Amino acid sequence: MENYNHLKIEKKWQKEWEKSGIFKSPSKSKKKKFYSLIEFPYPSGEGLHVGHVRSNTAMDIISRKRRMEGFNVLYPIGWDAFGLPTENYAIKTSTPPEIVTKINTDNFRRQLKSLGFSFDWDREINTTDPKYYKWTQWIFLQMYKKGLAYKKKMIINWCPKDKIGLANEEVINGCCERCGTLVEKKEKEQWMLAITKYTERLHKDLDEVDYLPQIKTQQRNWIGKSEGAEIKFKIEKSKVKVGEVEVFTTRPDTIFGATYVVLSPEHELIEEFKNQNSKIKIDNLDEVLDYVAGAKKKDDIERTAEGKEKTGVEIKGIKAINSANGEEIPVWVADYVLVYYGTGAVMAVPAHDERDFEFATKYNLPIKEVIKNTSFPDACFLDEGILVNSSKFDGRNSEEVKKDITKFVGGEWVTKFKLRDWVFSRQRYWGEPIPLVHCEKCGTVPLPEKDLPLKLPKVDKYEPTDTGESPLANISKWVNTKCPKCKGNAKRETDTMPQWAGSSWYYLRYTDPKNNKKFADPKNLKYFTPVDWYNGGMEHTTLHLLYSRFWHKFLYDLKLVPTKEPYKKRTSHGMILAGGGEKMSKSKGNVVNPDTIVWTYGADTLRLYEMFMGPFDQSISWAEENIVGVRRFIERVWKIGNTYDFGNRTSKALESVLHKTVKKVSDDIETMSFNTAISSMMILVNEIEKEKKISKKDFEVFLKILSPFSPHLSEELWSILGNKKSISLEKWPKAVISKMEESEVTIAVQINGKFRAKFRAKKGVKTSEIEELVKGLEEVSKWLKGKKILKVVNIPDILVNFVTE
RNA sequence: GCCGGGAUGGCGGAAUUGGUAGACGCGCACGACUCAAAAUCGUGUGUCGAAAGACAUGGGAGUUCGAUUCUCCCUCCCGGCACCA
């Protein structure tokens with residue numbers, strides 16, 4: 001027997017698979033389809049991460065199993081190649097980003113191929129390929145035409161280091177998600193996508209998909225649905241109505257306790273105070289404007305940090321009228337009220353809201369109890385309860401009066417969401433150009449479809465400009481163009497799209513990656529979509545998942561895709577951390593290169609190790625010393641396959657273990673419990689080695705269930721055993737229940753719940769028989785001697801418990 | 001602060017309609033093979049104890065014949081959100 005030479009064997013089969021094309025997925029097939037998807041990698045300069053190997057192997061195992069179960073499996077791969085790291089690298093080395101991308105994707109491709117993943121390489125896509133981004137631009141234009149893409153002057157999060165505007169989702173603790181630099185505020189015109197028009201559906205349709213519960217929860221929290229009342233409060237000056245302010249509250253039941261109203265600094269009413277012709281005149285305009293200016297200058301961190309001490313200024317000269325009891329109450333402006341949520345104004349109920357309580361205490365505003373509680377007046381009481389001091393609503397319960405009170409004060413019951421529109425423009429080079437033209441006469445004009453793709457022009461410098469414009473703005477030849485409508489002089493939009501654009505629809509392109517006439521043929525979409533199983537990182541559950549669901553729903557409304565939701569099932573994997581439990585990073589020098597492992601131990605070993613190391617959905621530390629365990633397992637299987645003199649009989653006991661293993665592995669793959677699947681196969685191999693005998697047929701059954709995990713080893717042994725066709729074309733084995741059963745069972749004996757002995761008995765043995773059998777056992781009789789048995793608990797074939805006095 | 005997940009030997013982890021805690025793997029110890037080492041194979045390996053046995057699943061209470069599993073309280077760790085009215 002030759003030693004197991006992983007280098008030779010793995011290369012051989014990778015070539016073989018490529019030659020035979022058995023992992024290609026025909027777009028036309030009588031078979032049922034199965035679409036399994038991984039998040040396509042960003043081809044970074046660092047090369048493949050061992051984390052990629054973990055998730056790709058998991059979906060590869062599932063894909064290979066599905067193929068053997070008779071499905072036409074689509075398991076595609078591509079590159080999410082636009083983005084900042086490539087651009088930054090290009091700036092640093094003066095290499096065009098497309099060259100950097102080419103080098104990186106070549107490297108990634110080589111690495112992925114060395115791991116034996118069963119991708120359909122014919123369907124490879126790249127978001128930076130004009131043939132691909134033509135359709136990203138096309139979809140954007142459809143959104144533009146439907147009014148979902150709009151330009152808005154707004155205060156954006158600005159990263160001074162990357163010189164780029166960031167979406168809210170990309171700001172982490174007030175810092176840039178990528179480089180950690182403190183984010184500044186900057187006013188700029190930005191392209192927005194009206195994702196909020198889909199909020200309700202994005203929220204509701206989560207009921208229909210099979211996502212891990214945590215993923216659904218995170219999406220729901222991000223969308224942030226809450227129900228409450230919109231209520232108008234009159235604004236009076238010297239007892240005369242001069243206007244009104246609308247507030248949003250989830251607690252209309254506490255309205256009788258509203259002792260003041262707070263406006264956010266950006267509230268529209270404040271603009272009106274400045275207006276000389278306005279009916280609303282206030283006494284301390286300068287003071288108010290000072291405060292507002294100060295608040296606007298502060299960025300989000302300052303507003304929230306600052307020891308969380310709330311500040312505000314009373315707006316003097318006007319009063320609000322509490323719509324519930326007609327009381328005159330003061331109006332304040334304070335930056336703890338956010339302009340972009342609800343109505344940008346709140347009714348403050350200090351007795352029953354922590355923030356209002358803090359503010360009222362600081363500024364000596366009245367605190368009025370309206371929900372009965374014992375802690376008043378030392379602390380606010382947040383729970384719902386029985387109303388007091390609320391005129392005719394006294395004595396009733398919060399829950400039941402909310403809507404009644406809303407009606408009573410003429411308010412409206414509404415649903416609000418935290419989700420805000422998506423800032424879609426970036427002032428960078430390496431992204432899809434936004435295909436719009438600004439014409440002096442016609443305004444903003446979309447490019448006609450025949451002019452797509454609008455290709456990125458060649459530039460000399462990739463640096464963004466300090467004015468905040470994209471480098472594209474410097475290329476006058478490109479910027480100056482003709483208006484598609486009037487043929488007059490016009491300028492191109494110079495902003496590009498964010499990285500999320502290309503990844504919002506890539507799973508659709510896989511169904512028909514080479515189509516030049518459509519983003520995908522409807523027939524292919526009908527056959528392959530939705531994605532049956534999508535696995536990815538937890539870090540993408542809020543952004544990528546939400547964005548792509550939004551794009552999908554938009555396309556669904558245009559009847560361009562056949563399903564409401566893009567992904568039927570979504571799971572996520574845990575991260576692989578470095579030895580000390582830290583993130584792997586270049587700067588810490590703790591990155592594990594999969595190439596090294598593939599060379600020294602082999603791809604099958606790496607695959608098996610990463611699946612065996614721990615629960616798939618949990619983060620886990622890399623531990624190189626454990627790799628040897630799975631390598632030993634592979635070598636033992638290799639030895640059995642090469643040296644055993646296979647007969648045609650397997651012992652009953654071994655047969656039972658085999659079938660249990662088949663069942664366990666089949667079930668565990670479905671629940672992504674790969675670690676226990678592998679452990680059960682190890683147990684089987686231990687048993688085979690103990691008996692030193694197994695039939696060829698049964699050993700082949702084992703090879704089949706091993707093949708998704710260790711495809712190279714399995715193929716090689718399969719062919720050594722004389723099989724001509726690939727093991728991947730075999731049928732997935734079925735566990736035979738009758739063969740799993742054993743005639744004898746081990747029954748545990750407990751005395752008062754404590755384990756004392758075990759014994760073998762025929763299956764289905766009766767309680768009375770057990771008592772006789774057991775009393776003969778010395779370990780049992782010594783505990784029962786002189787004791788009265790009060791009760792016998794018998795769990796058939798598992799356990800018997802004697803309860804004594 | 002809120003939401004979600006978690007805590008089990010020296011280490012990674014296994015076990016839930018409540019039923020023999022520690023499967024499987026690593027490590028370690030001893031033995032076989034070897035001139036020797038590595039590799040391999042065999043045996044053992046939760047803690048205390050000579051043994052009988054007792055104690056053990058982050059801590060404390062409870063339900064139960066029986067709790068890693070269910071209930072309540074607490075501690076710590078990880079992830080997400082964070083003045084969202």
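Odds and ends about this structure:
- For region A:548-558, putting each phi into the Karplus relation 6.51 cos²θ - 1.76 cosθ + 1.60 with θ = phi - 60° gives couplings of 6, 5, 4, 4, 5, 5, 4, 5, 5, 5, 7 Hz, in residue order, rounded to whole numbers and with x for Gly and Pro.
- Per residue, the convex hull around the alpha carbon atoms of region A:191-292 comes to 189 Å³.
- Dipole magnitude of chain A about its Cα centre (Cβ charges: Lys, Arg +1; Asp, Glu -1), debye to nearest 20: 3300 debye
- For chain A, adding -39500 (n - 2.57) for each run of n ≥ 4 DSSP H residues and dividing by the number of residues yields -10500 deg cm²/dmol at 222 nm.
- For region A:411-452 and region A:4-23, distance of Cα centres in Å: 47 Å
- Once C-alpha pairs closer than 8 Å and six or more residues apart are averaged by separation and normalised to the residue number of chain A, the relative contact order reads 14 percent.
- Pairs exceeding 23 Å between alpha-carbon atoms, taken from A:Lys455/A:Lys482; A:Lys8/A:Lys65; A:Lys102/A:Lys517; A:Lys197/A:Lys279: A:Lys8/A:Lys65; A:Lys102/A:Lys517; A:Lys197/A:Lys279.
- Top positive-direction residue, dipole computed over region A:682-775 with Cβ charges, set A:His712, A:Thr767, A:Ile727: A:Thr767
- Cα-derived Rg to Rh of region A:664-805, Kirkwood definition: 1.18
- Amide H contacts of A:Asp120 (H built 1.01 Å from N, under 5 Å, at least 5 apart or other chain): A:Tyr75, A:Ile77
- Cα centroid separation, region A:704-766 to region A:191-230: 44 Å.
- Charge dipole of region A:184-307 about the Cα centre (unit charges at C-beta), most positive-ward option of A:Thr196, A:Ile215, A:Ile231: A:Ile231
- Listed peptides A:428-436, A:649-657, A:574-582 appear in the order A:428-436, A:649-657, A:574-582 once ranked by packing, highest mean of other Cβ atoms within 10 Å at the front.
- Between the amide H of A:Met192 and those of A:Tyr150, A:Lys151, A:Lys152, A:Phe424, distances stay under 5 Å, these residues lying 5 or more places away or on another chain, with hydrogens modeled in the peptide plane.
- Taken about its Cα centre, region A:141-280 carries a charge dipole of roughly 520 debye when the Cβ of each Lys and Arg holds +1 and the Cβ of each Asp and Glu holds -1.
- Annotation: the antiparallel percentage among DSSP beta bridges lying fully within chain A is about 75.
- Pair-distance distribution of region A:92-250: all C-alpha pairs, bin width 5 Å, starting at 0; shares per bin in whole percent are 2, 6, 8, 8, 12, 17, 17, 12, 7, 3, 3, 2, 1, 1, 1, 0, 0.
- Divided by 2.2 N^0.38 Å, where N counts the residues, the Cα radius of gyration of chain A comes to 1.21.
- Computed over region A:434-503, the Cα gyration tensor eigenvalues convert (square root of 5λ each) into semi-axes of 21, 15, 11 Å, ordered from largest to smallest.
- Local electrostatic count, A:Asp353, Cβ distance below 13 Å [Lys/Arg +1, Asp/Glu -1]: -3
- Per-bin percent of Cα-Cα distances, region A:688-766 [5 Å]: 3, 11, 16, 15, 12, 10, 8, 9, 8, 5, 2, 0, 0
- Mean-position separation - Cα centroids, region A:252-266 and region A:26-54, in angstrom: 52 Å
- Amide proton proximity set for A:Lys186, modelled H, under 5 Å, gap of 5+: A:Ile156, A:Trp158
- Karplus-derived 3J(HN,Hα), 6.51/-1.76/1.60, for each residue of region A:592-608, Hz, glycine and proline x: 9, 8, x, 3, 4, 5, 4, 5, 7, 10, x, 5, 4, 5, 4, 4, 5
- Taking the convex hull of Cα positions in region A:728-797, its mean projected area over all directions (nm²): 6.7 nm²
- Couplings for region A:446-458, taken from phi via the Karplus curve 6.51 cos²θ - 1.76 cosθ + 1.60 with θ = phi - 60°, read x, 5, x, 4, 5, 8, 8, x, 7, 7, 5, x, 6 Hz in order; Gly and Pro are left as x.
Each reported figure results from applying straightforward, stated rules to the coordinates on display, with no laboratory input. Every value quoted in this text rests on a predicted model; they were computed, and no experiment measured them. Glycine also receives a Cβ, built like all others from the backbone with ideal geometry; neighbour counts cover every protein chain displayed.
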